[in-house]
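Asks: Could you have a look at this structure, given as C-alpha coordinates, before my questions?
The values are calculated or read from the model by the stated rules, or taken from the named source; none is laboratory data. Owing to the predicted nature of the structure, the values given are computational and were not obtained by experimental measurement. Here the Cβ is made from the backbone with ideal geometry for all residues, glycine too, and neighbour counts use every protein chain on show. These accessible areas exclude ligands, DNA and RNA; they are computed on the full protein's heavy atoms, side chains included. Shrake-Rupley method; radii C 1.70, N 1.55, O 1.52, S 1.80 Å.
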Amino acid sequence: QVHLVESGGDLVQPGGSLRLSCAASGGISSIYAMGWYRQAPGKQRELVATMTNGGTINYSGSVKGRFTISRGNAESTVYLQMNSLKPEDTAVYYCNSATIKGGYWGQGTQVTVSS
(Lines give C-alpha, C1' and ligand atoms only; values in the text may rest on other atoms or scores of the structure.)
Protein backbone atom coordinates (compact mmCIF):
# COMPACT_ATOMS: atom_id res chain seq x y z
CA GLN A 1 0.00 0.00 0.00
CA VAL A 2 1.30 3.44 -0.98
CA HIS A 3 1.33 6.24 1.59
CA LEU A 4 1.46 9.81 0.27
CA VAL A 5 2.34 12.95 2.21
CA GLU A 6 1.90 16.40 0.68
CA SER A 7 3.44 19.67 1.79
CA GLY A 8 3.83 23.23 0.60
CA GLY A 9 0.31 24.61 0.74
CA ASP A 10 -0.02 28.17 1.98
CA LEU A 11 -1.76 31.52 1.66
CA VAL A 12 -0.36 33.51 -1.28
CA GLN A 13 -1.31 36.71 -3.06
CA PRO A 14 -2.60 36.70 -6.64
CA GLY A 15 0.29 36.51 -9.05
CA GLY A 16 2.46 34.70 -6.52
CA SER A 17 4.07 31.28 -6.63
CA LEU A 18 4.06 28.11 -4.55
CA ARG A 19 5.74 24.73 -4.85
CA LEU A 20 3.92 21.65 -3.63
CA SER A 21 5.74 18.44 -2.78
CA CYS A 22 4.51 14.89 -2.34
CA ALA A 23 6.54 11.97 -1.05
CA ALA A 24 5.46 8.36 -1.47
CA SER A 25 6.42 5.43 0.73
CA GLY A 26 5.50 1.76 0.67
CA GLY A 27 4.80 -0.08 -2.56
CA ILE A 28 6.82 2.43 -4.55
CA SER A 29 7.83 -0.12 -7.17
CA SER A 30 4.20 -0.50 -8.21
CA ILE A 31 3.74 3.21 -9.05
CA TYR A 32 3.54 4.01 -12.78
CA ALA A 33 2.27 7.59 -12.55
CA MET A 34 1.86 10.38 -10.01
CA GLY A 35 -0.09 13.57 -10.15
CA TRP A 36 -2.04 16.36 -8.56
CA TYR A 37 -5.75 16.97 -8.26
CA ARG A 38 -7.62 19.75 -6.50
CA GLN A 39 -11.00 20.31 -4.94
CA ALA A 40 -12.46 23.74 -4.34
CA PRO A 41 -15.36 24.27 -1.89
CA GLY A 42 -18.62 23.04 -3.38
CA LYS A 43 -16.92 21.58 -6.45
CA GLN A 44 -15.83 18.14 -7.57
CA ARG A 45 -12.23 17.04 -7.41
CA GLU A 46 -10.51 17.80 -10.71
CA LEU A 47 -7.29 16.91 -12.48
CA VAL A 48 -4.44 19.43 -12.28
CA ALA A 49 -1.50 17.52 -13.74
CA THR A 50 -0.15 13.99 -14.02
CA MET A 51 3.20 12.53 -15.02
CA THR A 52 4.04 8.93 -15.83
CA ASN A 53 7.33 7.19 -14.99
CA GLY A 54 8.13 7.49 -18.67
CA GLY A 55 7.75 11.26 -18.58
CA THR A 56 4.37 11.68 -20.27
CA ILE A 57 2.68 14.77 -18.83
CA ASN A 58 -0.93 15.88 -18.89
CA TYR A 59 -2.14 19.28 -17.70
CA SER A 60 -5.57 20.69 -17.15
CA GLY A 61 -6.25 23.48 -19.59
CA SER A 62 -6.80 25.92 -16.74
CA VAL A 63 -3.23 25.55 -15.44
CA LYS A 64 -1.25 24.88 -18.62
CA GLY A 65 1.53 27.44 -18.98
CA ARG A 66 1.38 28.42 -15.30
CA PHE A 67 1.97 25.14 -13.45
CA THR A 68 4.81 22.66 -13.92
CA ILE A 69 4.80 19.07 -12.68
CA SER A 70 8.02 17.17 -12.10
CA ARG A 71 9.17 13.91 -10.54
CA GLY A 72 12.13 13.26 -8.32
CA ASN A 73 14.99 11.02 -9.44
CA ALA A 74 13.75 8.18 -7.26
CA GLU A 75 10.29 8.50 -8.88
CA SER A 76 8.78 8.37 -5.41
CA THR A 77 8.27 12.12 -5.25
CA VAL A 78 6.24 14.54 -7.31
CA TYR A 79 6.30 18.32 -7.31
CA LEU A 80 3.99 21.01 -8.58
CA GLN A 81 5.46 24.43 -9.27
CA MET A 82 2.60 26.92 -9.41
CA ASN A 83 3.23 30.37 -10.86
CA SER A 84 0.94 33.29 -11.64
CA LEU A 85 -1.56 32.02 -9.11
CA LYS A 86 -5.15 33.21 -9.35
CA PRO A 87 -7.94 33.29 -6.75
CA GLU A 88 -9.67 30.51 -8.69
CA ASP A 89 -6.69 28.25 -7.94
CA THR A 90 -7.80 28.21 -4.30
CA ALA A 91 -8.47 24.60 -3.32
CA VAL A 92 -7.23 21.62 -1.40
CA TYR A 93 -4.56 19.98 -3.54
CA TYR A 94 -4.28 16.21 -3.41
CA CYS A 95 -1.39 14.03 -4.49
CA ASN A 96 -2.30 10.83 -6.31
CA SER A 97 -0.30 7.77 -7.25
CA ALA A 98 -1.45 5.28 -9.86
CA THR A 99 -0.37 1.69 -9.33
CA ILE A 100 -1.18 -1.68 -10.81
CA LYS A 101 -3.33 -2.29 -7.74
CA GLY A 102 -5.23 0.98 -7.95
CA GLY A 103 -4.90 4.63 -7.00
CA TYR A 104 -3.88 6.16 -3.70
CA TRP A 105 -4.47 9.64 -2.29
CA GLY A 106 -2.69 11.91 0.13
CA GLN A 107 -4.47 13.86 2.85
CA GLY A 108 -4.37 17.11 0.89
CA THR A 109 -2.73 20.49 1.37
CA GLN A 110 -4.60 23.82 1.33
CA VAL A 111 -3.70 26.46 -1.22
CA THR A 112 -5.38 29.82 -0.77
CA VAL A 113 -4.86 32.64 -3.26
CA SER A 114 -6.12 35.91 -1.86
CA SER A 115 -5.05 39.49 -1.32
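Asks: Quick one: what pairs do we get from region 72-95, first residue more than 20 Å from Gly15 (Cβ to Cβ), second modelled with pLDDT of 95 or more and of a type in the set (Asp, Glu), C-beta under 6 Å, 6+ apart or different chains?
Replies: Partner pairs satisfying both residue conditions: Cys95/Glu6.
Asks: Among the candidates Gln110, Gln81, which residue alone is at pLDDT 95 or above, within 10 Å of the chain's Cα centre (by Cα) and under 14 Å from Leu18 (Cβ atoms)? Spell out the reasoning first.
Replies: Working: Gln110 fails: within 10 Å of the chain's Cα centre (by Cα).
It is Gln81.
Asks: Would you pick out the residues in region 1-22 that are open to solvent by 50 Å² or more (accessible area, probe 1.4 Å) and in a strand (DSSP E or B)? Explain how you work it out, then say what you get.
Replies: Let us first name the residues in region 1-22 that are open to solvent by 50 Å² or more (accessible area, probe 1.4 Å), namely 1, 3, 5, 7, 10-11, 13-15, 17, 19.
Passing the criteria: His3, Val5, Ser7, Leu11, Arg19.
Asks: Has region 29-36 got at least one residue that is open to solvent by 60 Å² or more (accessible area, probe 1.4 Å) and of a type in the set (S, T, N, Q)? Don't jump to the end; show me each part of the working.
Replies: Step one: of region 29-36, the residues open to solvent by 60 Å² or more (accessible area, probe 1.4 Å) are 29, 32.
Narrowing the set further to residues that are of a type in the set (S, T, N, Q) leaves 29.
Yes, the conditions are met somewhere in region 29-36.
Asks: Among the residues of region 51-70, is any of a type outside the set (Phe, Trp, Tyr), part of a strand (DSSP E or B), in contact with a helix residue (DSSP H, G or I) (Cβ under 9 Å, 6 or more places away or on another chain) and open to solvent by less than 60 Å² (accessible area, probe 1.4 Å)?
Replies: No.
Asks: Filter region 80-102 down to residues that are assigned to a loop (DSSP other than H, G, I, E, B) and either open to solvent by less than 10 Å² (accessible area, probe 1.4 Å) or among the charged types (D, E, K, R) (or both), then give me how many there are.
Replies: Taking region 80-102 as the starting set, the residues that turn out to be assigned to a loop (DSSP other than H, G, I, E, B) are 83-86, 90, 100-101.
When the remaining residues are screened for being either open to solvent by less than 10 Å² (accessible area, probe 1.4 Å) or among the charged types (D, E, K, R) (or both), the result is 85-86, 101.
The number of residues fulfilling the criteria is 3.
Asks: Something else about it: Considering only residues that are of a type in the set (Gly, Ala, Ser), over 10 Å from the mean Cα position of the chain (by Cα) and at pLDDT 95 or above, which ones fall in region 43-67?
Replies: At the first step, the residues of region 43-67 found to be of a type in the set (Gly, Ala, Ser) are 49, 54-55, 60-62, 65.
After this cut, where a residue has to be over 10 Å from the mean Cα position of the chain (by Cα) as well, the list is 54-55, 60-62, 65.
Ser60, Gly61, Ser62, Gly65 - these are the residues of region 43-67 that are of a type in the set (Gly, Ala, Ser), over 10 Å from the mean Cα position of the chain (by Cα) and at pLDDT 95 or above.
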